[in-house]
Amino acid sequence: MTGVFSGFFIVWAVILTGYAVGRRNVLGPQGQLVLSKFAFYVASPPLLFLTISEADIARILSAPLLVAAVSAVATTLVYAAIARWVLRRDAATTLMGAQAASQVNSANLGIPIAVFVLGDATMVVPVILFQLALNTPVYLTIMDTLTDGRRPSPGSVLGNVVTNPMIVGSGLGILFAVTGWRLPEVVHEPVELVAGASIPAMLMAFGVSLVGASPLQRGAGPRRDVVLASTLKLLLHPALAFLFARFVLDLDGHLLYAVVVMAALPTAQNIYVAAVRYGRAEQLCRDTVLVTTVIAMLTMAVVALLLS
């Protein structure tokens, strides 16, 4: 337990450093964007590659992947049913809210939490693969159809998947793990050096993004939708992960703890980016990201207290 909370302390210490940097505007108005892009496009793919290439692939792609998929899809359906039939939201707004309730921040927070709290970076890989390779192409394709009637071709959907840097890094890691290949030492060293910048950049960018955050302002925006999405994300999603993992897949110990912590991560920031792109549910997605981001550390700490 001491190790778990030491991991949370490390994560929060770097986040608060990023917040202080943002408050003083050290990196300028584009600092958070640059840090996020550097982490996503440059440093995280080699980190995933190195981590997965030395991992047990069968363990990564079995039960944890199934838990990630089932718990996320179930949460999506619960939100969609309430938003559509109780709150009477249109289909596009319902879909974006459902994604805000079920997609987790698997990169900016998932990787650091997996490393420092779970002690195993590979535990975030099933979530990343499910969200980026399966879930995201599906919901973006549906949003294209709902908002402008455009029907993307299978080739364009596949192209978006295989050009995603996280998927590329993960895919190469799986290839090397299955074949037993290893990078030459002279190549491995610079790759490892760049990969080492991933987690600090992610957490610093996350801290900068918290500056000026003020969700759920009175009289502004869809507060009921935000409360619904945030509640499902923070409580229902990890609860479903626990129930499915424990009583259907019979998981226990560290693996059970890990899949529940991954489900308890806050809403992915790229959901807001997608909402802006489609011009639907922008405030709902933004506020849900902010609310779950602030509270999720507490819910993950509770999970750690109960299951670690």
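The values are calculated or read from the model by the stated rules, or taken from the named source; none is laboratory data. What you see is a predicted model; the values in this text were computed from it and never measured. Every residue, glycine as well, gets a Cβ built from its backbone with ideal geometry; the counts of neighbours run over all protein chains shown.
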Hits in the range 228-268 (condition: of a type in the set (S, T, Y), within 24 Å of R84 (Cβ to Cβ) and surrounded by fewer than 24 Cβ atoms within 10 Å (Cβ to Cβ)):
T231
Among the residues that make up the range 184-192, is at least one of them within 23 Å of the chain's Cα centre (by Cα), at pLDDT 90 or above, assigned to a helix (DSSP H, G or I) and not hydrophobic (A, V, I, L, M, F, W, C)?
yes
Run down L47, L87 and say which single residue is among the aliphatic types (A, V, I, L, M) and either within 24 Å of A201 (Cβ to Cβ) or in a helix (DSSP H, G or I) (or both).
L47
May I ask you to verify whether T75 is surrounded by 23 or more Cβ atoms within 10 Å (Cβ to Cβ), within 20 Å of the chain's Cα centre (by Cα), closer than 21 Å to G173 by Cα and in contact (Cβ under 8 Å) with a residue 40 or more places away in the chain?
no
When residues of the range 293-308 are limited to those that are among the hydroxyl-bearing types (S, T, Y) and part of a helix (DSSP H, G or I), the one nearest to A241 (Cα to Cα)
T299
For the condition buried (at least 24 other Cβ atoms within 10 Å of the Cβ), part of a helix (DSSP H, G or I) and at pLDDT below 85, what is the one hit in M123, M202?
M202
Applying the selection to the range 10-24, what residues are over 15 Å from F116 (Cβ atoms), of a type outside the set (A, V, I, L, M, F, W, C) and touching a helix residue (DSSP H, G or I) at 6+ places or on another chain (Cβ under 8 Å)?
G18, Y19, G22
Quick check on the range 216-239. Is at least one of its residues out of contact with any helix residue (DSSP H, G or I) (no Cβ under 9 Å at 6 or more places or on another chain), more than 26 Å from L33 (Cβ to Cβ), at pLDDT 90 or above and among the acidic types (D, E)?
no
Does G18 satisfy the criteria of being over 18 Å from the mean Cα position of the chain (by Cα), touching a residue at least 24 places away in the same chain (Cβ under 8 Å) and either surrounded by fewer than 24 Cβ atoms within 10 Å (Cβ to Cβ) or in a helix (DSSP H, G or I) (or both)?
yes
Condition first: over 18 Å from S230 (Cα atoms) and basic (K, R). Now tell me which residues in the range 268-291 satisfy that.
R277
So which residues in the range 53-64 are buried (at least 18 other Cβ atoms within 10 Å of the Cβ) and touching a Pro at 6+ places or on another chain (Cβ under 9 Å), if there are any at all?
I60, A63, P64
